[in-house]
Structures are given as C-alpha cells and as structure tokens.
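Asks: What follows is a structure written as structure tokens; I'll ask about it next.
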Amino acid sequence: MHALVERLFPVCRSITGDGVRRTLEIVGERLPLTVHEVPTGTQVLDWTVPREWNIRDAWIKNPAGDRVVDFRRSNLHVVGYSAPVSATMTLAELRPHLHTLPGQPDLVPYRTSYYAETWGFCLAQRVLDGLGEGPYEVVIDSTLADGALTYAEHVVPGRSDKEVLISCHVCHPSLANDNLAGIAVATALAARLERPRLTYRFLFAPGTIGAITWLARNRDRTGRIKAGLTLACAGDRGALTYKRSRRGDAGIDRVMAHVLRGRPHTIVDFSPYGYDERQFCSPGFDLPVGSLTRTPYAGYPEYHTSADDPGFVTPEAMADTLETLWQAVQVLERDGRYENLSPYGEPQLGRRGLYGSLGGRSDTKQAQLAMLWVLNQSDGGHSLLDVAERSGLPFQAVAEAADALEGAGLLKRVGESG
Amino acid sequence: MHALVERLFPVCRSITGDGVRRTLEIVGERLPLTVHEVPTGTQVLDWTVPREWNIRDAWIKNPAGDRVVDFRRSNLHVVGYSAPVSATMTLAELRPHLHTLPGQPDLVPYRTSYYAETWGFCLAQRVLDGLGEGPYEVVIDSTLADGALTYAEHVVPGRSDKEVLISCHVCHPSLANDNLAGIAVATALAARLERPRLTYRFLFAPGTIGAITWLARNRDRTGRIKAGLTLACAGDRGALTYKRSRRGDAGIDRVMAHVLRGRPHTIVDFSPYGYDERQFCSPGFDLPVGSLTRTPYAGYPEYHTSADDPGFVTPEAMADTLETLWQAVQVLERDGRYENLSPYGEPQLGRRGLYGSLGGRSDTKQAQLAMLWVLNQSDGGHSLLDVAERSGLPFQAVAEAADALEGAGLLKRVGESG
Amino acid sequence: MHALVERLFPVCRSITGDGVRRTLEIVGERLPLTVHEVPTGTQVLDWTVPREWNIRDAWIKNPAGDRVVDFRRSNLHVVGYSAPVSATMTLAELRPHLHTLPGQPDLVPYRTSYYAETWGFCLAQRVLDGLGEGPYEVVIDSTLADGALTYAEHVVPGRSDKEVLISCHVCHPSLANDNLAGIAVATALAARLERPRLTYRFLFAPGTIGAITWLARNRDRTGRIKAGLTLACAGDRGALTYKRSRRGDAGIDRVMAHVLRGRPHTIVDFSPYGYDERQFCSPGFDLPVGSLTRTPYAGYPEYHTSADDPGFVTPEAMADTLETLWQAVQVLERDGRYENLSPYGEPQLGRRGLYGSLGGRSDTKQAQLAMLWVLNQSDGGHSLLDVAERSGLPFQAVAEAADALEGAGLLKRVGESG
C-alpha cells in the first residue's frame, strides 16, 4: 500500500483534469476500473460540472531569474484551479495572491478556488519573508476549458444485489494521508474480496462534485446501499476514528462500533462537515454511510500542508485500517437474522454432539455459550451481531455457533440484519 | 424591578381580599391588567371560592399596654386568614395560637390557615421567650365574609393564537423573594414584548385556589397553551432552577434546558409539590408548564420568614432571571420545523454567495457550519432547536442560518416545533 | 429453614430416582405437595424422560480392603447417573474415571453424566495423591432402569388466576446452598402466603429436564404466568443477585429492582446460562421469569464441591432472601394502575380530612406527598410501582396513599400493572 502512496504522490490532482485520470490509471493497474467522464456543463443535482483544469507549469521568478516558487518542486505551490496568468508584478501587487501559514512558517499550505475564478500561489512563510520588492515574473501555465469530470468505480459482485459502498476522494494533489492512503487501503480491500455475499462498490471520485455527480447518475439505485463508508486519512499514526452516519443507528454504525471495540478508537456523531458523507447523508438520500479515518479531518497539524507527505503515513497504520475494514466486511457478510427451530425450552444439544457430556463443572466453553445465546435470541428479530453485542462474545464465535446449529437443523436463516 | 418589590412589600396579601386588589393596582400602573372578581361560593373544579378575608389591625398587648406583637410592624405577625378575635388571655391560654421558629429565634415565620377557621400569631422565638404570664389583650381586627377572589391577566397578542403562559402567585404578604420578585420579573418581561409571534398570557393570581379558578374558567381554552412557566423566588442570589413539566419532554422543557446551558443552573424533574405547576400539570390538564425559580421552594433558610425581605432579593438576580426568560422567549418565538428544498446532496452555497470561496482551509466559520447543519437536518421533522442541540451551535446562529437559507430559496418553514 | 437444609442434606438426589422422592416427602411434611411421576421415555419438548437412576452403595477399596472412596461418607463421591460397575482395576486403569479439583486439593467435586452412559468417582486431590497402584475393588451398586421423573407442585390459589411461579431445582445431592437453601426458602415463603390476590405456584423439579417436563405438560397454561423466579443459592453470606428475565423489562424485573434498592445487591442482565430461567426464557416461551440468588452460579469457591455443606449457608442469609421475596410479593399483590377521579387540578384534600390544615410550613409529610404523587400520576397508565419509582417514595407509602384516596372516592383501580 505504501508503494502506491509514493507512486501517486507527485501527480497533480484536482477535481477535474489529467491528474485524476493519471491517478485512476495507476490504481487501474492493480484493480479493473470503470472510468466515467462527465462533460463540463452537465447538471448534477444542484450543481454543474465545471470546466476542466489542467496545468503544465507555474513559477514566480525573481529579478535574477531564479524560480523562487516553483510548481515543479511541489504542486501545492499553485492554488488549485488557478486561472492562467503571465505577468510581471511587484511584490506588493503579487501579495494578495500569496498564501502562507504564518504559524507553521516552513510549510506550504494547500489551497483551492474551484468555483470563483482567480489565481494564486502557496508558499512557506519563511520564503515569503525573504522576498524583495521585485519585480517578479509570474506565470501559471494552466487551462480552464470545457472538458469532463472523471471518476471511477470498481465493483465486486456478490450473490446479493445489496451493496456496500466504499468511497474515497481522489482530488487532492500531493497530500499523502489525505487521501492517497485512503485510495491505497480501498484498493487493497477490493483486491482481497473474493466471491462475497454482498456486492461491494468502490468509488474513486473527486470530493463534493464527484460524489454529487455519482449520486445524480445513480439516484434511483441508492436504495441498494446497505452500508457504506467514506475512507480518508487512513494512514497516519493516530487511532482510528469512526464517524456515524446521519441516522446514527444504521447497520454500519453498529458494525463499526463492534469491530473497533478491541482497539484504540474514537466514535463521533455525524456532522455535516468532513468528507463525502456530507453528500451521501444529505436528507434527500440519508444513506447508511459513515466515515472511517484515523486522525480525523483537520485534526493534525500536517493537515492540508506540505508536511502531509509519504513519510507521514506508515505501512503499519494502513495495515491496521485495512484489517479493521476486513473485520467489518466479515460481519457484513455473515450477519443475518435466524430463527430457532426448536424454540420451546433448550433443544438437547448433547444427543446432537454439540454439548460436552460431563455436567457439574463451573467452567463452560465459549462455543457452548455461543450456541445457547444464538438459540435463545434467534426469534427472527435479532441478528447475529445483536447476539454478539448482548452476549459480549466475539462475532466470530457467534457466527460459528450459528453454523453448527444450522448444520444440526436447529436454526434457519430468515433474513438480513436490521 | 427592585423598586416594584419595595413598593409591593408592605401590602398585606392573602388568597382573597383588598391586599390582592391593591397589589394588582400597583402592577396595573406599569401594565394594563384585566382584573377578574369571582364571588365567594363559586364552584371551581373540586374547590369552592372561599370567603374573603380582610384585616385592619392586630396586636397582643402586655399588661403595661405595649404591643408586644404588632401587625402594623409586619403583616407576617398574623396567621393568614385568621378569624377575628378580641380577648384577654394568659400566656398559657394564648400559647397554642403562637407560632415561632425555635431554630431561627430572631425570625418571624409565615403561616396561614385558609381552609380551617382558626386564628393565630407568628412571632420571633426570642420575643416569645421574653413574655411574662400576662394577662394579654389579644385582638385581630379581621373580617371573613362573602366577597370575591381576585386575579388579573395581561395578554400580549401575537400573530398566532398559540399561547405562552407565565403565571405568578400574588397571595403572599410581606415576602420579597416569594413572590414579589416573580411578580416584578413577569411585569418587566411583559413590558418588553412587542408584537410577538406567539400570544403571551401573564397570570397574576393567588396560589392554588387562584390557579384552580383560572383553570375552571378557561378549561376549554387550555389547548392553546404551547408552553408555560410558573415564576417564583426569582430574585435571590442562588443559581436558577428549572423544574420540568409533568411530561418531562415538553417543548418548554427543552427550551429551558437550552437557554440555561450557558449559566450556572439546576434542572429537576417534575414533582407534584411546589407552585401552581401542581395545578397546571394535574393529569386532567397535563399542560406543558414548568417552573422557573432561583433557589427553589423551601430551599433557603429565609424561606417563609421575615428574613425574606427586599434586601434578600437583588437587582442583579432579577435581571438575570429576566434575561433568561428573554432568551427562552427568543427560542419560542423563532423555533420551527423547516424543509430543505434542495435535499439531494448539498446545494451549491457558493454561487448563492453563502459560502467562502477559498477552499482547503481547516477552519470554517460558525455561520457556514450552521447553514450546513440546518440544510442537513431540515427534513420537516427537526426543529431549529433540535439542530442547535445536535450541532452544539447557539440557537441564534442556527436561526440566522435558517433566515439566510430561506432568503436564498433553499428552505421553507413547514410548521411549529414539536 | 436451616433445619430443613440439614435434614435434606444427606439424601442422594439426582434428576430422577428415590432421592428426589424422599426430598419431596420431607418438603411435603411442611407443605401439601402434588407429586407428579412422568414415565421414562415420555417425549417432553425436544427431550425424552431418561431412565431412572438409583444407587445403594459405591466404593473403591484398596488392597488392604479399606474403602478409600466411600459413597456412605458423601454421595458426591459418585458421578451422578453412573452406570453400575463391579471390577478390579489398577490405579492406571481407574484413573480416567476419577475426578478431582487440583486447585482445591481437600475438596470433593460434584460431577454428573446424565446423558452419556459412563461411570466415575469424585474425590479430593489429596486422597488421590495418596493412592498406590492398586489393584482396587471398584463397585457402584446403582441401577439405570425404566421408571419415572418426579416433580412436585404446591399452589396457593388467589382471587386472580394470574400466576406467580417460584421454581427451584431439587436434583443436586449433598450441596446445601445449591439448592437446599432455595428449597427451604421457597417452602417458608409458601407457608407464609395467606389468601393472596394472585395465585402462587411453587415448582420443585429437577434442573433442566424437570423444567422442560413441566413446560411440556403446561404448555398452554404458561400465558397465566405474570411473574416468576428461579430460586437458587439462597443461603450463602454474599449479597443478593437478581438476574433479569430475557425481556429485561418485565414486571418482575422492575419489582425486584425496587425491593432490592434498600439492600446490598447486584442486578445482572439475562444470559442463557444458569438455572431453569434458561428454559422458562427460551424464545418460544419467553416468560417473565428472572432468577434470584445470593452469590450467583459458579461465583463462589465452594460451588459444586463438598464445601457447600450446611455450615456454608446461614439462617440470617436465608431469612434475608425470604424477606426480600416477601417484599416482592407485597408489591406484586398490591400493584396496579389507578385513575384519578378528580383529575382537573388537585382535589381539595383538606375538606376530606386528608391534608394538614396549617399552611406555609416548609416540611411536608411523606403521606401527603404520596397522595399528591398518586393523584398526579394516576391517569390509568402508571402503576403504583411507577409512582414509587418516579417519586422516590417507598412502595408501601404509595400503596397506603392509594388506599386513603380510594377510600375518599378520589381514586379507582383500573387494571393490573404493566
């Protein structure tokens, strides 16, 4: 996963343009993707697909001809979606177009201006402090022109057409944790799924406008979504954070709380700020989509700065995020509601070989407890996850007990969870 | 407000009689009142309007002819509703009619006997301890005769006929916090209301029998009451206390919890003891009426004693009570349920001038957050107060966001709060 | 009660056989019992009544002819339901049939093997450690033959056919707390009931198969059960433990929480392990049956060992269990939903002699508070227990207030609780 982060890092992404295309091409080497191109001007919900932005180069040259700010060194130096410019200006004239982080004077900030046509440069405060009055040659060799918005899907079909949506934004330029780590983890998860029960849809799309475009084009199919996650900031050293869906008690909310139980984590309530859960959880859709990150949105000093580089994300953290997702997938795959076919009194497990024969001992095995719990709760209304939560037993033990009981003809699956 | 407390303090009030009339006259100088007189003997719910009590003078004279207990010094000296008496008695004979507070030997207690015909005096334990055997001249120059029960209303009409009821009891004699401070704060609040949305009804009535009389005469109109408060003990130095309505989750309960959040306060559950919330919250009416006090009922040593004088209530405390009520009025006035008219995905706020144009910054303004919250939650089922509570934003910010969104055609009011 | 424990202690009980019959005979001396015999082979729910087990003697004799393990000293020495055996064996051959507690080397464990035909002995680890290679004479003089399963009922008929079920298991041999103490407390409770409102059914039956047999034979009558308890481990020095019914909010759950409030106790959620609540709370029946113990199932080191002897249970602990049950019976007997017949405002209690006449005092009596609470809450939807819980008043005070108000014509019983 870390190799993919490093490979994707230099690409200059934005909400449209060749950076996104190149990113999807690289992901596509690992995972078959269906790439969608949606023309500029297309109406998508309340929005319109904007013009496509591409950039070749950009610089600020001092009177000596040195590039004091140079797009080739970092694509963060140019405000995203900057209109083209070619001019000679004094520092005073240039100043309103320069963005720095005075509190973090060595770092370059990340700034964009998608929907108001302007241009600008981002640079370290310390570099700005060293600049003389100029005049400076200021060039942004970009184009803003009709084109398309690009996004991609990878679908792992299941036996059921109920879908699990994993969405990650692909619009940020050289920022590793936000969101190359998310892209890498999603890619690894997709590769790991084999003939699942549910259908898994991975969405790689630019933030906000990409999710809105996808929703506009899939409006009638959102009812299939049984659970979803936006995946971002998946690789920093912080503990995992799960942000609940707008509903607060959707299946995915319970699944994530269950699989996070065993590890350091934080669970926070939904808020309409953050990643594309904002769109998936808008009141018209109100989808069961939460958000999984490590340190959340704007919660670390490296956030949206040049310090969010590949060294900031670790293979261990990405592996931990992936493993957590994998456990969530296990629960989603395996959960369901069952009915005890012998609900009056306990069935005699002993004669079916499901119960130890020597009585009177004060210890009892987890497997036997799990069978008793599954039998007791399986009235068609409780799912295996319900049983795991009520009993305090691991989901895996509960699922295995259900298998054993189903094998013995004592249990029947009667439906999906909640 | 404190001047009104001082002016009202010497009047000898009871549940009927000229003391109540004089009190309403003084309040009426500040606020137009509709005064109601309900004749003795009128059946009101399970009760009957009692005979009217008036008193001119009362004393206990020692053998030297000195008034050792003197109504003219404090009307607390006579048990409220005492029957007339004129007799010469030894201390031993008089003793069963004397009430003191042995634990607070310098204070005169407040006692009444409305519904059992008797008479008595209240005095400081220290004064009692100094009395010789007598004989004493004992005179209560009172009348108990057919007359009327008096109460008053002041109504501030709103555009809606939904009513907010503010009720305060006017039957206690010279006790400043209980309830001249409540009367003063209610009067100030009424004077401050200008062309409100809701209709505000201020009720100045004697405790218990007054509220019961009002309920009996307005039985069919109680359905209009959207929220209400009994207001008492509004001027002591203690923190504010809100006692929930019987329902426990009425609109007023949530409004008061919200406006109290920022200041020291206590919230207690309903109990059928205290002030006239007992009547408003009887199960037949079960009105959404809570009670606002500072230190509550019987919760301070000065309670129902001569120490509850104008020095015990402070202008600052009354101003704080008034300000809290004013904030509650703001929420009641402004709250409502809204519907997001662009509920699929977020509407594009930027092109409507409602959103900052430069992206990527990790700080975001409260006004923008408030708009996102209002849009996300406005599905017709959540009120602005719901949004304020879920988001943790101030109600004011949420209300302003709703205004801005309504102005932009993105939001429509669809109904009252809960 | 302790005398009954001591009398029952030596009897060798199992899930069938003469030990159970003798036990019921002794209980029957104190309480008229209806004894049921259900033949071997009878189908009961998913189970079949097993063969009857009886034992006369059993021993292991060393080469010198000494009984090194002797059934006559303690019936725990033989694994319950052991098949007959008569053999000479070396220690090595015998070893797989010997059960000890290496961590408690002086104690004899309790073991059974009801449903797999085998045989065995239980002994102290220290005794085992002292045994030479043998050969040993090994005899279990038992019979496993067609016969019957025996259980008994004692019913105290009430005015209502709604039933309270008190069930205790009678299948354990010489173990005092588990469950002779439960039998003794149930017997004492039954003897104390006189002409109750509800019908009380006491069930003395072997664990699991006994409860299952009873359920099979009373399947259509379980709808009468309004509340129930399995009673076990009722005499150790630990605090009381109440385990909720499967429902978790059944009437009995609330009653037990209420009566336990005043004493040291623990309340735990339902789990499908423990005593016969496992059967009563199987999903097909889902009866409102909880479990009352002192230290619960497997929660004390003496559990299922020879240390659970009559010295381990105390008269004080059994009296405390009985008293708690008695209080629960009081609530079950007395609880109900009432309707305030004068629900508009407070009725005038004073003219009905139900209220102190002197007003203004800051203390008020519990009896008056209880009347105000009952009046306020009696809208047909709240029971007296609801009132006790919401008000924090003792149930007894609330019930007495209801009596007084009913006597004054202000209150009418409208139904059972919950």
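The values are calculated or read from the model by the stated rules, or taken from the named source; none is laboratory data. All values reported here derive from a predicted model rather than from experimental measurement. Because the Cβ atoms are built from the backbone with ideal geometry, glycine has one as well, and the counts that use them run over all protein chains shown.
Asks: If only one of B:Arg217, B:Arg195 is out of contact with any His (no Cβ under 7 Å at 6 or more places or on another chain), among the basic types (Lys, Arg) and in contact (Cβ under 8 Å) with a residue 60 or more places away in the chain, which one is it?
Replies: Working: B:Arg195 fails: in contact (Cβ under 8 Å) with a residue 60 or more places away in the chain.
Within the list B:Arg217, B:Arg195, the selection yields B:Arg217.
Asks: Okay, next question. Report every pair of residues separated by at least 6 positions or lying on different chains whose Cβ atoms are under 7 Å apart, first residue within region A:16-39 and without any contact (Cβ under 8 Å) to a residue 40 or more places away in the chain, second surrounded by 20 or more Cβ atoms within 10 Å (Cβ to Cβ).
Replies: Qualifying pairs under 7 Å: A:Ile26/A:Leu8.
Asks: In region C:12-70, which residues are aliphatic (A, V, I, L, M) and part of a strand (DSSP E or B)?
Replies: Kept after step one, since they are aliphatic (A, V, I, L, M), are these residues of region C:12-70: C:15, C:20, C:24, C:26-27, C:31, C:33, C:35, C:38, C:44-45, C:49, C:55, C:58, C:60, C:64, C:68-69.
Selection gives C:Val35, C:Val38, C:Val44, C:Ile55, C:Ala58, C:Ile60, C:Val68, C:Val69.
Asks: Here are some residues: C:Ser142, C:Ser167. Which one is in a strand (DSSP E or B) and either within 14 Å of another protein chain (Cβ to nearest Cβ) or at pLDDT below 95 (or both)?
Replies: Numbers: C:Ser142 fails: either within 14 Å of another protein chain (Cβ to nearest Cβ) or at pLDDT below 95 (or both).
Step by step, each of C:Ser142, C:Ser167 is checked, and only C:Ser167 is in a strand (DSSP E or B) and either within 14 Å of another protein chain (Cβ to nearest Cβ) or at pLDDT below 95 (or both).
Asks: Let me ask something additional. Please go through (1) within 14 Å of chain B (Cβ to nearest Cβ); (2) farther than 22 Å from A:Gly158 by Cβ; (3) out of contact with any strand residue (DSSP E or B) (no Cβ under 6 Å at 6 or more places or on another chain); (4) small (Gly, Ala, Ser) for A:Gly223 and return the number of the only condition it doesn't satisfy.
Replies: (2)
Asks: I need the full set of residues from region C:253-272 which are touching a Leu at 6+ places or on another chain (Cβ under 6 Å) and either among the aromatic types (Phe, Trp, Tyr) or within 12 Å of chain A (Cβ to nearest Cβ) (or both), in order please.
Replies: Answer for region C:253-272, where residues must be touching a Leu at 6+ places or on another chain (Cβ under 6 Å) and either among the aromatic types (Phe, Trp, Tyr) or within 12 Å of chain A (Cβ to nearest Cβ) (or both): just C:Pro272.
Asks: Here is a further query. Checking A:Lys162 against (1) under 30 Å from A:Asp236 (Cα atoms); (2) of a type outside the set (A, V, I, L, M); (3) at pLDDT 95 or above, only one condition comes out false. Which one?
Replies: (1)
Asks: Which residue, of B:Arg294, B:Arg278, is facing chain C (nearest Cβ under 9 Å), touching a residue at least 24 places away in the same chain (Cβ under 8 Å), of a type outside the set (A, V, I, L, M, F, W, C) and surrounded by 24 or more Cβ atoms within 10 Å (Cβ to Cβ)? So that I can check it myself, show each step before the final result.
Replies: Values: B:Arg294 fails: facing chain C (nearest Cβ under 9 Å).
That would be B:Arg278, the only listed residue that is facing chain C (nearest Cβ under 9 Å), touching a residue at least 24 places away in the same chain (Cβ under 8 Å), of a type outside the set (A, V, I, L, M, F, W, C) and surrounded by 24 or more Cβ atoms within 10 Å (Cβ to Cβ).
Asks: Right, B:Lys365: at pLDDT 95 or above and of a type in the set (Lys, Arg) or not? Can you show your working first?
Replies: Details: at pLDDT 95 or above: no; of a type in the set (Lys, Arg): yes.
Against the criterion (at pLDDT 95 or above and of a type in the set (Lys, Arg)), B:Lys365 does not qualify.
Asks: Something else: Give me a count of the residues in region C:72-99 that are more than 14 Å from every other protein chain (Cβ to nearest Cβ) and more than 28 Å from the chain's Cα centre (by Cα). Write out each step before concluding.
Replies: The first filter runs over region C:72-99 and keeps only residues more than 14 Å from every other protein chain (Cβ to nearest Cβ), leaving C:72-74, C:84-95.
Imposing the further condition that a residue be more than 28 Å from the chain's Cα centre (by Cα) reduces the set to C:72, C:84-95.
Residues that pass the stated criteria total 13.
Asks: Can you give me the ranges of the strands (runs of 3 or more DSSP E) entirely in region A:314-418 with at least 2 residues that are surrounded by fewer than 22 Cβ atoms within 10 Å (Cβ to Cβ) and within 12 Å of chain C (Cβ to nearest Cβ)? Write out each step before concluding.
Replies: Details: elements: A:337-340, A:379-383, A:411-415.
Answer list for region A:314-418: A:379-383.
Asks: List the number of the failed condition for C:Ala124; all other conditions in (1) surrounded by fewer than 21 Cβ atoms within 10 Å (Cβ to Cβ); (2) in contact with a Phe, Trp or Tyr (Cβ under 9 Å, 6 or more places away or on another chain); (3) of a type in the set (Gly, Ala, Ser) hold.
Replies: The failed condition is (2).
Asks: Still on this structure, please answer the following. Hey, can you tell me all the residues within region A:177-200 that are of a type in the set (A, V, I, L, M, F, W, C) and under 15 Å from A:Val27 (Cα atoms)? Outline the logic, then answer.
Replies: Step one: filter region A:177-200 for residues of a type in the set (A, V, I, L, M, F, W, C), giving A:180-181, A:183-186, A:188-191, A:193, A:198.
A:Leu180, A:Ala181, A:Ile183, A:Ala184, A:Val185, A:Ala186, A:Ala188, A:Leu189, A:Ala190, A:Ala191, listed by residue number.
Asks: If B:Gln43 satisfies all but one of (1) surrounded by fewer than 20 Cβ atoms within 10 Å (Cβ to Cβ); (2) closer than 24 Å to B:Pro157 by Cα, what's the number of the condition it fails?
Replies: All conditions are met except number (2).
Asks: Same structure, new question: Taking only region A:174-198 into account, find how many residues are more than 13 Å from the chain's Cα centre (by Cα) and either surrounded by fewer than 20 Cβ atoms within 10 Å (Cβ to Cβ) or part of a helix (DSSP H, G or I) (or both).
Replies: Keep residues of region A:174-198 that are more than 13 Å from the chain's Cα centre (by Cα), which gives A:174-176, A:191-198.
With either surrounded by fewer than 20 Cβ atoms within 10 Å (Cβ to Cβ) or part of a helix (DSSP H, G or I) (or both) added as a condition, the list becomes A:176, A:191-197.
Qualifying residue count, region A:174-198: 8.
Asks: I'd like the residue in region A:100-118 that is facing chain B (nearest Cβ under 7 Å) and part of a loop (DSSP other than H, G, I, E, B) and, out of all such residues, is surrounded by the fewest Cβ atoms within 10 Å (Cβ to Cβ).
Replies: Filtering first and then ranking leaves A:Ala116.
Asks: Could you tell me how many of the residues in region C:225-256 are at negative phi and surrounded by fewer than 17 Cβ atoms within 10 Å (Cβ to Cβ)? Reasoning before the result, please.
Replies: Just the residues of region C:225-256 that are at negative phi, to begin with: C:225-232, C:234-247, C:249-256.
After this cut, where a residue has to be surrounded by fewer than 17 Cβ atoms within 10 Å (Cβ to Cβ) as well, the list is C:237, C:239, C:247, C:249.
Number of matching residues: 4.
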